[in-house]
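Worksheet for the structure shown next.
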Amino acid sequence: MAIRCLILDDNDHFRSAARALLEGEGITVVGTASASDDALRQVDDVRPDVVLVDIDLGEENGFEVAGRLVAVRLGPPRVILISTYAEKDFSEMIAASPATAFLSKSALSGAAIQEILRGAEREGERDGPVRVP
């Protein structure tokens, strides 16, 4: 079964490029959004398995959005935080977040998402975010 993904990023070019990349690698991108309100509506409508959330959403904070996505949904989708910044720049905030994992935008791929989701299933998310090598 294909993984269903929603992309939340305020950069139009990145959303388009990420969609093309992921769809070319077997991930079904069921929607994209540039702001949290739209993403929250789409999560209700399209029921993705995973939501990619940019840490820096312009006027919005991706960590807060991740919390909202997890807190207000029954059976929430997994949230993967993404950024052009290095993980070490936000390591404490990532560890404290309800996100399943962090993934650098430069490392974004269908295989990386699948690996994260498999790792989350194995670990049961009891030890915080999944680490991607």
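Quick rundown of the values:
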{"item": "Which numbered condition I94 misses (of (1) under 21 Å from G31 (Cβ atoms); (2) free of Cβ contacts under 8 Å to residues at least 40 places away in the same chain; (3) among the β-branched types (V, I, T))", "result": "(1)"}
{"item": "Residue in region 70-79 that is touching a Ser or Thr at 6+ places or on another chain (Cβ under 9 Å), within 18 Å of I3 (Cβ to Cβ) and either modelled with pLDDT of 90 or more or part of a strand (DSSP E or B) (or both) present", "result": "yes"}
{"item": "Enumeration of residues in region 1-31 that are in contact (Cβ under 8 Å) with a residue 12 or more places away in the chain and assigned to a loop (DSSP other than H, G, I, E, B)", "result": "A2, I3, D9, D10, N11, E25, G26, I27"}
{"item": "Scope region 32-64; condition touching a residue at least 12 places away in the same chain (Cβ under 8 Å), surrounded by fewer than 17 Cβ atoms within 10 Å (Cβ to Cβ) and either on the phi > 0 side of the Ramachandran plot or in a loop (DSSP other than H, G, I, E, B) (or both); matching residues", "result": "A35, R47, G58"}
{"item": "Qualifying residue in region 32-41 (condition: more than 14 Å from the chain's Cα centre (by Cα) and closer than 20 Å to S97 by Cα)", "result": "yes"}
{"item": "Residues that are at pLDDT below 85, surrounded by 13 or more Cβ atoms within 10 Å (Cβ to Cβ) and either in contact with a Cys (Cβ under 6 Å, 6 or more places away or on another chain) or over 16 Å from I3 (Cβ atoms) (or both), drawn from region 96-130", "result": "E123, E125, G128, P129"}
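The values are calculated or read from the model by the stated rules, or taken from the named source; none is laboratory data. The model shown is predicted, which means the values in this text are computed figures rather than measured ones. FYI the Cβ positions are ideal-geometry reconstructions off the backbone, even for glycines, and counts take in every protein chain you see.
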